[in-house]
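Undergrad: Please see the structure below; I have some questions.
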Amino acid sequence: MKTKSKSALTLSMVCAMALSCMPFVEPTRAEAAFDKDAKQTVADMGLGWNLGNSLDSYSGTTIGGNRGSTSSETAWGNPATTKAMIDMVKESGVKTVRVPVTWYEHMDPYTYKIDDVWMNRVEEVVNYVLEDDMYCILNVHHDTGEKGWLKANSKDLQKKEAMFRSIWEQVSENFEDYGDKLVFEGFNEILDESSNQWWNPSSEACPISNELNQIFVDVVRGSGGNNAKRNLICNTYCAGANNEITSQFVLPKDTVSNRLIVEAHVYQPFEFTHESYPEITTWTSSPLDMVLNNLNSTFAQKGIPVIIGEFGCANKNNMDEITSWAKYLVEKCTGYGMGCIWWDNGSQYKIYNRRTLKVSQPELLNAMLEAAGSDVPASAQKFVRGDINGDGKLNDTDLEMLRNYLLKKTVKISDKADINMDGKVTMADFVQMNKAILNPDPASDPRNLCANEDNWASWTDTSNGGQGEMFFMDNGVSMQVDKGGKNEWDAQFFYDAITLEQGAKYQISFDYVSDSPQTTTFIVNQGHDDYLPYYLDSLNWTTNVQHYKATFDFTSKTDNMCRVTYNLGGSGVNVPYKATITNLSLIKLSGGGSSSSSSSSTQSGTSASTGTNLAADASKFSSWANTEGGASASFKSLSNGLQISVKNSGTEEWYVQGIYPGIKFEKGATYEISFDHQADKAVKFGVKLQQNYEPYGQYSNEPVYASTQKQHYSAEFTMTDPTDDNTACVFNCGALNTNATITITDLVIKKIS
């Protein structure tokens, strides 16, 4: 491919200093009719997919901290993007790929010049997409967000605008000759750095967001070439889809008509889609309808095209629910003429396995394709690793084609020949393929909770110095650890999306081997929030294969998002080394069958009508805030409950409390506790049964997930301690990390046995 160099300097760079010429790659699709306006383009985009946690990954917060390198692409555990990966996406029926890119680590901190190595790598990936005749959306991603430098506030605004302008001057120049299937998106989820930046931004946030959108459009249009008529995408503040945000959005002025698209992101109901709420596994349509109807009435009905640039749901072992949610969303958006692009982070939200190059959630993908009005190709339904000739089988024909390639009888071969997924086609692939054909794996034990290779993922914290890459092996995975980092979790791989049931006994077993002696830990842990361990043990790795086997009791509340994690980092490991896990098995031996005590985000109900309510007098509610600890709140008594308005929640959950005292709990008795709750935003608080006297010992403590929708909570509790005549039901509303108003009504506590 030929290269060309341009010596024209951007305005921002001229102001900083004179720069030398930069090399650029000749685009493969320079000619395009540009005959589709924004609305027609959205209609033509079909279902889209985000190449998430790849070119948008970063390893630090320093501008220019990773110049001359593309290592950040794999910093968050995903493999480097390949043409074969994008081909797989194309073959599955998707028509659009959003390529999120984070730029600041690859820019000169003084001149803002984007490093040639990074620009060329971005262009290479863009070319992968365009060469497959798909739409490619290119953006500015984690330069915004909670840890980004580009904020929608007035602090250092001129400097931020100059840097933002410079990025788009350089990107526009680099891609000015590209055709109409390349679409630019100004920025991702921009925030304002206020204490409640997602839900209640400052008064200047939306106007500054609008101003940055106008700068983006002006820079691209003024750059010449095909950019004068290219379709452009402008996000709302925080990519919000609710009326409070969209009502403040102003479509930029443009020099060409009907070439602007509005983008928003949809993750409603939030408790259902987000990994921080593992117990919420079902959904109802009302929160989703609210935002989609708003986007339709605010934009689509007025002739302004819309895309949902991100939507997705964490896998909580509830794929049927996720599929029905996604199908409903895409069908409704398609009816409104809005496009949809699934967010795939390569882990809990993934629909493709980027290492094995196959669709990991074919039912979900096919449902979305059908909802978008697209055909479902056969390749979206079936994939066989090593199937070189594409007939859906792994057999001697594929082995012969690989043999001819290795003997140089043929000069080209499909990337599917890389059966061990190490990025190369070598004799090792021939040996593994031959073994797979002669000795196919026996059927997986149906009891094994870890039988799906698509649930493997990895993580390296490059900001702490960790560095490594995971590869698939026969019936397992291995990780090449090049740098251990500071902590043992700075390099790890894990098997995700496991449900562990309260009261069950489990057996875990696996084989493990390393190419050098190491001592590390493995854990069975949360796949969310603080990733707390449920079971852990140390492994003394040697160069001989060892077998591990143990049993453990799961006493915690049922968790739908557990994982088995192998920590391979830390300052004590001897790097570089390669660790391999095979034959991982996790089997429930006995017990369990319980479900989590909190109701889903979509259930509703009323107080029980039988039994004596031990908390019938709402006037007994009292309240407390630990002002010495910095907490502050106001409390409002209701005829049937209490409203708690938290202004500063403090650092501990008990710093703000609503208290119902004087309840008698008898030893050996079982009680039902229920109440209705609602908040002005999504928050997690706690309901606790405890002594109403020092030392305030607790009998139970459960989380409650509140949202803007009224919900009903119900749980059972058995008193195993001695009878207590003065127990309190306490609603802990501290440590929320935000201000919020929480309403508790219709508290019912009744003895049921």
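The values are calculated or read from the model by the stated rules, or taken from the named source; none is laboratory data. Just so it is clear, the model here is predicted, and its values are computed rather than measured. Counting neighbours? That spans all protein chains shown, and the Cβs are built from the backbone with ideal geometry, glycine included.
Undergrad: Which one is farthest from Leu736 (Cα to Cα), of the residues in the range 616-628 that are assigned to a helix (DSSP H, G or I), modelled with pLDDT of 85 or more and not polar (S, T, N, Q)?
TA: Lys620
Undergrad: Moving on. Is it true that some residue in the range 480-488 is under 27 Å from Cys313 (Cβ atoms) and either of a type in the set (Lys, Arg) or not assigned by TED's automatic domain parsing to the domain that holds Gln432 (or both)?
TA: Looking only at the range 480-488, we keep the residues that are under 27 Å from Cys313 (Cβ atoms), and these are none.
There is no residue in the range 480-488 that is under 27 Å from Cys313 (Cβ atoms) and either of a type in the set (Lys, Arg) or not assigned by TED's automatic domain parsing to the domain that holds Gln432 (or both).
Undergrad: Additional query: Just checking, does the range 131-148 include any residue being more than 26 Å from Met45 (Cβ to Cβ) and surrounded by fewer than 19 Cβ atoms within 10 Å (Cβ to Cβ)?
TA: Kept after step one, since they are more than 26 Å from Met45 (Cβ to Cβ), are these residues of the range 131-148: 146-148.
Adding the requirement that they be surrounded by fewer than 19 Cβ atoms within 10 Å (Cβ to Cβ) leaves 146-147.
Yes, there is a match, as at least one residue in the range 131-148 is more than 26 Å from Met45 (Cβ to Cβ) and surrounded by fewer than 19 Cβ atoms within 10 Å (Cβ to Cβ).
Undergrad: Which members of the range 685-702 meet the condition of being surrounded by 18 or more Cβ atoms within 10 Å (Cβ to Cβ) and under 28 Å from the mean Cα position of the chain (by Cα)?
TA: Listed by number, the list holds a single entry, Phe685.
Undergrad: Also, quick follow-up: Pick out the one residue from Leu500, Leu532 that is without any contact (Cβ under 8 Å) to a residue 60 or more places away in the chain and under 24 Å from the mean Cα position of the chain (by Cα).
TA: Values: Leu500 fails: without any contact (Cβ under 8 Å) to a residue 60 or more places away in the chain.
Only one candidate passes the filter, namely Leu532.
Undergrad: Which of (1) over 28 Å from Cys340 (Cβ atoms); (2) surrounded by 23 or more Cβ atoms within 10 Å (Cβ to Cβ) does Thr96 not meet, given it meets every other one?
TA: (1)
Undergrad: Would you pick out the residues in the range 520-541 that are among the hydroxyl-bearing types (Ser, Thr, Tyr), on the phi < 0 side of the Ramachandran plot and surrounded by 13 or more Cβ atoms within 10 Å (Cβ to Cβ)?
TA: Narrowing the range 520-541 to residues among the hydroxyl-bearing types (Ser, Thr, Tyr): 520-521, 531, 534-535, 538.
Now restrict to residues that are on the phi < 0 side of the Ramachandran plot: 520-521, 534-535, 538.
Passing the criteria: Thr520, Thr521, Tyr534, Tyr535.
Undergrad: For the range 312-358, which residues satisfy the criterion of being of a type in the set (Ser, Thr, Tyr) and either assigned to a helix (DSSP H, G or I) or outside the structural domain of Phe184 (by TED's automatic domain parsing) (or both)?
TA: The initial filter retains those residues of the range 312-358 that are of a type in the set (Ser, Thr, Tyr), namely 323-324, 328, 334, 336, 347, 349, 352, 356.
Listed by number, the residues that qualify are Thr323, Ser324, Tyr328, Thr334, Tyr336.
Undergrad: Moving on to the next point. For Met319, which of the numbered conditions (1) crowded, with 21+ Cβ neighbours inside 10 Å; (2) closer than 27 Å to Phe493 by Cα fails to hold?
TA: Just one mismatch for Met319, condition (1).
Undergrad: Does Lys688 count as in a loop (DSSP other than H, G, I, E, B) and farther than 16 Å from Asp746 by Cβ?
TA: On the way: in a loop (DSSP other than H, G, I, E, B): no; farther than 16 Å from Asp746 by Cβ: yes.
For Lys688, the condition - in a loop (DSSP other than H, G, I, E, B) and farther than 16 Å from Asp746 by Cβ - is not met.
Undergrad: Among the residues of the range 544-564, write down those that are among the aromatic types (Phe, Trp, Tyr) and within 28 Å of Asn318 (Cβ to Cβ). Let's see the steps before the verdict.
TA: Of all residues in the range 544-564, those among the aromatic types (Phe, Trp, Tyr) come to 548, 552, 554.
Answer for the range 544-564, where residues must be among the aromatic types (Phe, Trp, Tyr) and within 28 Å of Asn318 (Cβ to Cβ): Phe552, Phe554.
Undergrad: Output the residue which, of all residues in the range 523-559 that are in contact with a Gly (Cβ under 9 Å, 6 or more places away or on another chain) and part of a strand (DSSP E or B), is nearest to Asp461 (Cα to Cα).
TA: Taking the range 523-559 and keeping what is in contact with a Gly (Cβ under 9 Å, 6 or more places away or on another chain), we get 553-555, 558-559.
In the following step, the residues that additionally are part of a strand (DSSP E or B) were identified as 553-554, 559.
Numbers: Asp553: 31, Phe554: 29, Asp559: 26 Å.
Ranking the candidates gives Asp559 first.
Undergrad: Could you tell me which numbered condition Glu189 fails, if it satisfies all but one of (1) at pLDDT 95 or above; (2) surrounded by fewer than 24 Cβ atoms within 10 Å (Cβ to Cβ); (3) not in a loop (DSSP other than H, G, I, E, B)?
TA: Against the list (1) at pLDDT 95 or above; (2) surrounded by fewer than 24 Cβ atoms within 10 Å (Cβ to Cβ); (3) not in a loop (DSSP other than H, G, I, E, B), Glu189 comes up short only on (3).
Undergrad: Please go through (1) part of a loop (DSSP other than H, G, I, E, B); (2) over 24 Å from the mean Cα position of the chain (by Cα) for Pro207 and return the number of the only condition it doesn't satisfy.
TA: Just one mismatch for Pro207, condition (1).
Undergrad: Another question about this same structure. Which numbered condition trips up Val431, out of (1) in a loop (DSSP other than H, G, I, E, B); (2) modelled with pLDDT of 85 or more; (3) over 25 Å from Val573 (Cβ atoms)?
TA: For Val431, the failing item is (1).
Undergrad: Restricting to the range 88-137, count the residues that are within 23 Å of the chain's Cα centre (by Cα) and over 23 Å from Arg230 (Cβ atoms). Quick ask: steps written out before the conclusion?
TA: Start the filter on the range 88-137 by keeping residues that are within 23 Å of the chain's Cα centre (by Cα), which leaves 88-90, 92-105, 122, 125-126, 129, 135-137.
Next, only the ones that are over 23 Å from Arg230 (Cβ atoms) stay: 88, 92-93, 104-105.
Summing the residues that are within 23 Å of the chain's Cα centre (by Cα) and over 23 Å from Arg230 (Cβ atoms) in the range 88-137 gives 5.
Undergrad: Hey, any hits in the range 658-666 for a residue that's in a strand (DSSP E or B), within 32 Å of the chain's Cα centre (by Cα) and of a type in the set (A, V, I, L, M, F, W, C)? Talk me through it step by step, then tell me what you get.
TA: If we filter the range 658-666 for residues that are in a strand (DSSP E or B), which is where we start, we get 658-665.
Checking which are within 32 Å of the chain's Cα centre (by Cα) leaves us with none.
No.
Undergrad: Looking at the range 568-580 only, could you name the residues that are surrounded by fewer than 23 Cβ atoms within 10 Å (Cβ to Cβ), on the phi < 0 side of the Ramachandran plot and not aromatic (Phe, Trp, Tyr)?
TA: Scanning the range 568-580 gives Ser571, Gly572, Asn574, Val575, Pro576, Lys578, Thr580.
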